[in-house]
Amino acid sequence: MSDLVQLTKTDGIAVVTINNPPVNALSSAVASGIAAAVALIENDDAVRAVVFIGAGRTFIAGADIKEFAERMSGKIICRESLKPLLLRIEDLGKPVVMALHGTAFGGGLELAMAGHYRIALPGTQVGQPEVKLGIIPGAGGTQRLPRLAGVAKAVEMCAQGAPVSAEDALKSGVLDSLVEGDLLTAAIAFAREVAAKPAPKTRERNEKLGTPEQNATIFAAAREKARSKQRGLLAPLAAIDAIESATKLPFEKGCQIEEELFTKCLFSDQSKALIHAFFGEREVAKIPDVPKETPTLNVESVGIVGAGTMGGGIAMVFANAGIPVLLKETDRAALDRGLASIQKNYANSAKRGRFTQQFVDERLKLINTTLDFGEFSNADLVVEAVFEGMTLKKEVFSQLDRVCKPNAILATNTSTLDIDEIASATSRQQSVIGLHFFSPANVMRLLEIVRGAATSKEVIATCMQLSKKLNKVGVLVGNCMGFVGNRMFGPYRREAQFLVEEGASVTAVDDALYEFGMAMGPLATGDLAGLDVGWRIRKENRHLQKTGLRQAFIEDRLCELGRFGQKTGAGWYKYNENRKPSPDPQVSSLIRQWTSEARIPQRQISAQEIVERCIYTLVNEGARILEEGIALRAVDIDIVYLNGYGFPAYRGGPMWYADTIGVKKVYDRICEFQQRLGNWWEPAPLLQRLAEQGKTFAEFSSRRGVAA
Ligand code: 3H9
């Protein structure tokens with residue numbers, strides 16, 4: 001027996017405890033431990049029933065994902081299949097009670113379904129989240145789950161991957177009972193009760209498998225939903241195919257189909273990218289010079305300066321996390337407008353069923369308003385969200401410096417400006433940090449946490465911890481214009497404009513990037529965010545522009561015509577009253593007129609060139625950011641792009657994508673662009689070095705002493 005799995009026996013009940021902290025991942029070693037325990041139980045006539053339980057905070061959260069990564073990279077050639085082990089458990093000949101708490105996910109739920117009974121504490125979650133890793137259940141989950149929960153529920157769980165509450169799992173038949181109090185005591189009592197009863201094998205329970213007619217409707221609807229809501233992902237469709245086999249074939253044959261689909265998914269680029277994103281999201285929380293033990297400050301009350309779209313959204317983020325907020329504006333009318341917009345947002349969420357009315361009422365009570373900076377004197381954190389202009393921001397920070405308590409954190413939501421210059425308006429630069437929320441702040445998961453030259457480790461650690469509490473992915477970035485996300489987004493959107501200037505249509509550019517997997521095309525994104533935002537920033541920073549480099553001009557001209565995007569009903573596209581876009585012939589003819597005046601030769605541009613130019617420019621700027629240390633690791637850039645810019649998760653982020661297709665290939669193409677198009681395509685020195693050395697961005701990050 002290993003330390004990972006313990007077997008105890010009392011009064012005819014064997015208890016198998018899985019103890020592999022932190023989440024009891026079902027690694028090869030855990031599977032071997034379970035197999036050893038099963039062997040001892042199989043041959044022991046004194047054992048009348050068996051309990052499986054997880055030690056610590058959870059049952060089993062799934063197979064060990066690290067082993068998948070190793071298997072794909074060839075470090076593990078073959079992993080013992082879980083399926084035969086689960087069959088042995090199902091065939092034990094004595095009732096097996098699976099006692100669940102915390103999360104029973106993936107292989108954990110598959111193990112639980114091989115038992116004869118499942119009981120759980122309230123608050124437990126069960127699920128088959130494999131699709132989020134680009135794979136499908138691979139240990140019989142697609143075959144056993146429809147037999148317990150019915151076809152529709154199994155399809156929903158396996159294709160969408162969302163967790164299911166214990167109450168819901170009880171209703172659908174995944175669980176047999178919910179128990180209160182001590183789980184082990186309840187499980188042993190349950191085991192005694194069922195010890196003399198027959199042990200129902202899940203794989204033989206066919207009564208919920210439905211009729212071909214019922215199932216055809218379920219599968220068709222699920223496939224349609226997967227194609228629209230999980231655009232471009234292979235695993236959801238594979239999961240549906242595997243469940244369809246469960247309804248048409250005997251269990252063993254269905255398992256074979258599942259195995260084939262699982263293997264195909266596991267070895268796909270999509271799965272590698274999604275597993276990279278899973279670990280990446282956890283990796284970004286690790287800051288080499290700000291260790292876990294760094295002391296943190298309490299954040300129990302928050303002030304927000306500015307009740308505009310950003311300020312209002314940020315107020316909702318804190319209120320949703322149960323943190324009271326004081327929202328400040330310069331006049332009552334602006335405050336009333338801000339509050340009305342918050343109320344409208346909450347009302348919409350309640351209407352859509354995202355929040356209950358009670359939740360909304362409680363959150364609204366947490367948002368109070370003021371016109372007076374003086375009322376921030378007790379705030380633990382103040383977030384400034386005023387208009388993007390250095391003079392105004394510095395004025396706000398000098399006011400905050402005067403009124404806030406000594407250890408309050410002073411944060412700016414600037415998306416581009418120099419944090420150190422903002423901090424210079426205070427006498428406490430160590431307390432100043434950037435908290436760059438993305439719009440709409442209450443929806444977008446990304447939070448760029450911008451470290452100034454003097455920001456203290458305590459303040460950084462507090463903000464990183466806070467991001468989790470706010471249900472955000474916090475990524476620590478360095479101070480430069482636009483930080484990581486917007487600094488890369490600038491050249492990306494500029495390239496999209498260049499393509500239009502050279503002859504591509506507005507829709508051709510957006511469609512090509514949408515097909516690549518971006519949530520929206522770059523020009524439509526500009527219309528959504530407001531073209532005037534970039535226009536204003538460009539005007540403010542004109543003196544910083546490098547001379548002699550080509551500048552995009554169409555967006556500035558559109559702004560001069562008052563076409564700011566969706567909010568003015570016209571930008572790159574025209575919009576109806578529901579903000580539905582359609583191509584605007586007036587824009588097309590203006591563009592042709594302007595480009596002819598500028599003597600830019602027009603040509604046909606392929607979708608491939610559109611994608612390469614826009615995505616490779618992201619990679620090139622990302623390489624500079626990485627080399628300068630603005631991003632700690634390549635994966636930090638990826639996580640920014642996956643959570644803040646609609647980059648397709650199944651491509652892993654721009655740097656991972658470059659590694660996947662080959663840094664050398666990207667470099668060569670960029671050199672071609674430089675020759676053909678101009679010097680703004682100068683390859684980043686790091687990109688050139690890695691291409692020459694045959695290395696990846698991930699390898700560069702790990703050589704620096706931080707994991708990829
Ligand atoms: C599967 O089961 C396939 C099967 O069909 C079998 C086929 C044969 N493996 O998230 P946290 C680590 S696929 C390895 O910060 P939380 C995680 O990296 C699997 N490691 O905690 C982190 O490490 P570190 C299906 C794992 O409380 C630490 O544990 N299952 C795994 O916020 C703490 O994690 C899933 O997809 C794993 N399976 O959330 C579930 N899970 O401290 C994936 C976690 O070094 N896991 N780690 O950074 C989760 O969703 C969340 O981790 C969970 C806990 C909700 C469980």
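The values are calculated or read from the model by the stated rules, or taken from the named source; none is laboratory data. Bear in mind the structure is a predicted one, so any value in this text is a computation, not a measurement. As a convention, Cβ positions derive from the backbone with ideal geometry for all residues, glycine included, and neighbour counts pool all protein chains shown.
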In the set G478, G482, the lone residue that is in contact with a strand residue (DSSP E or B) (Cβ under 8 Å, 6 or more places away or on another chain), within 30 Å of E421 (Cα to Cα) and crowded, with 17+ Cβ neighbours inside 10 Å is G478
Candidates A319, A340, A423, A411 - the one that is touching a Cys at 6+ places or on another chain (Cβ under 9 Å) and at pLDDT 95 or above: A411
Among the residues of the stretch 180-207, which ones are under 34 Å from the mean Cα position of the chain (by Cα) and surrounded by fewer than 19 Cβ atoms within 10 Å (Cβ to Cβ)? E180
Which one of these does I18 not meet: (1) modelled with pLDDT of 95 or more; (2) within 11 Å of the ligand (Cβ to nearest atom); (3) in contact with a Phe, Trp or Tyr (Cβ under 8 Å, 6 or more places away or on another chain)? (2)
Within the stretch 529-601, helices (runs of 4 or more DSSP H) holding 2 or more residues that are under 21 Å from R487 (Cβ atoms): 531-540, 554-560
Residue count for the stretch 110-147, restricted to those that are more than 12 Å from the ligand (Cβ to nearest atom) and over 23 Å from V51 (Cα atoms): 1
Spans of helices (runs of 4 or more DSSP H) in the stretch 209-298 with at least 3 residues within 13 Å of the ligand (Cβ to nearest atom), at pLDDT 95 or above and not basic (K, R): 235-248, 251-266, 269-283
Selection from the stretch 498-519 of residues that are surrounded by fewer than 24 Cβ atoms within 10 Å (Cβ to Cβ) and of a type outside the set (A, V, I, L, M, F, W, C): E501, E502, G503, S505, T507, D511, Y514, E515, G517
In this structure, does V23 turn out to be surrounded by 15 or more Cβ atoms within 10 Å (Cβ to Cβ), away from the ligand (no atom under 15 Å from the Cβ) and either within 25 Å of L170 (Cα to Cα) or polar (S, T, N, Q) (or both)? no
Hey, does the stretch 167-180 have a residue that's in a strand (DSSP E or B) and away from the ligand (no atom under 16 Å from the Cβ)? yes
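Please tell me if I449 is surrounded by 21 or more Cβ atoms within 10 Å (Cβ to Cβ), closer than 16 Å to G482 by Cβ and either modelled with pLDDT under 95 or among the β-branched types (V, I, T) (or both). So that I can check it myself, show each step before the final result.
Working: surrounded by 21 or more Cβ atoms within 10 Å (Cβ to Cβ): yes; closer than 16 Å to G482 by Cβ: yes; either modelled with pLDDT under 95 or among the β-branched types (V, I, T) (or both): yes.
Yes; evaluated as a whole, the condition is true for this residue.
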Selected residue (criterion: farthest from the ligand (Cβ to nearest atom)) from residues of the stretch 65-93 that are charged (D, E, K, R), in contact with a Lys or Arg (Cβ under 9 Å, 6 or more places away or on another chain) and modelled with pLDDT of 95 or more: D91
Acidic (D, E) and either at positive phi or surrounded by fewer than 18 Cβ atoms within 10 Å (Cβ to Cβ) (or both), is that true of E627? yes
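So, in the stretch 267-304, how many residues would count as being among the acidic types (D, E) and closer than 30 Å to L335 by Cα? Can you show your working first?
Here is the first cut: in the stretch 267-304, the ones among the acidic types (D, E) are 269, 281, 283, 289, 293, 300.
Still in the list and also closer than 30 Å to L335 by Cα: 300.
Summing the residues that are among the acidic types (D, E) and closer than 30 Å to L335 by Cα in the stretch 267-304 gives 1.
Among residues belonging to the stretch 593-614 that are buried (at least 18 other Cβ atoms within 10 Å of the Cβ) and touching a Leu at 6+ places or on another chain (Cβ under 8 Å), point out the one that is nearest to I449 (Cα to Cα). Step through it out loud before you land on a result.
Of all residues in the stretch 593-614, those buried (at least 18 other Cβ atoms within 10 Å of the Cβ) come to 595, 605, 610, 612-614.
The next check asks that each one be touching a Leu at 6+ places or on another chain (Cβ under 8 Å); those that pass are 605, 610, 613-614.
Details: I605: 38, I610: 31, R613: 29, C614: 26 Å.
The residue in question is C614.
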Among all residue pairs at least 6 apart or on different chains, which show Cβ distances below 7 Å where the first residue, located in the stretch 88-114, is hydroxyl-bearing (S, T, Y) and the second is in a strand (DSSP E or B)? T103/Q125
Which residues, taken from the stretch 121-146, are in a loop (DSSP other than H, G, I, E, B), touching a Leu at 6+ places or on another chain (Cβ under 7 Å) and buried (at least 24 other Cβ atoms within 10 Å of the Cβ)? T124, Q128, G134, I135, I136, A139, G140
Could you check the stretch 543-583 and list, in sequence order, the residues that are surrounded by fewer than 15 Cβ atoms within 10 Å (Cβ to Cβ), small (G, A, S) and touching a helix residue (DSSP H, G or I) at 6+ places or on another chain (Cβ under 9 Å)? G548, G562
Which number in (1) away from the ligand (no atom under 12 Å from the Cβ); (2) surrounded by fewer than 24 Cβ atoms within 10 Å (Cβ to Cβ); (3) β-branched (V, I, T) marks the one condition that T103 misses? (1)
Of the conditions (1) aromatic (F, W, Y); (2) over 19 Å from P440 (Cα atoms); (3) surrounded by fewer than 17 Cβ atoms within 10 Å (Cβ to Cβ); (4) touching a residue at least 60 places away in the same chain (Cβ under 8 Å), F376 fails just one. Which one is it? (3)
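Conditions tested, residue by residue: (1) in contact (Cβ under 8 Å) with a residue 24 or more places away in the chain; (2) closer than 24 Å to V299 by Cα; (3) surrounded by fewer than 16 Cβ atoms within 10 Å (Cβ to Cβ); (4) not charged (D, E, K, R).
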residue	(1), (2), (3), (4)
A334	yes, no, no, yes
G338	yes, yes, no, yes
S349	no, no, no, yes
R354	no, no, yes, no
Q357	no, no, yes, yes
E362	no, yes, yes, no
V383	yes, yes, no, yes
T391	no, no, yes, yes
Test: residue in the stretch 651-662 that is within 29 Å of F437 (Cα to Cα), among the aromatic types (F, W, Y) and either modelled with pLDDT of 95 or more or surrounded by 24 or more Cβ atoms within 10 Å (Cβ to Cβ) (or both): yes
Would you point out which residue out of R354, R337 is outside any helix (DSSP H, G or I) and among the basic types (K, R)? R354
Scanning the stretch 630-671 for residues that are touching a helix residue (DSSP H, G or I) at 6+ places or on another chain (Cβ under 8 Å), aliphatic (A, V, I, L, M) and in a helix (DSSP H, G or I) gives A634, V635, I637, I639, V640, L642, A649, M655, A658, V663, V666, I670
Taking the stated definitions as given, is E259 in contact with a Leu (Cβ under 6 Å, 6 or more places away or on another chain) and charged (D, E, K, R)? no
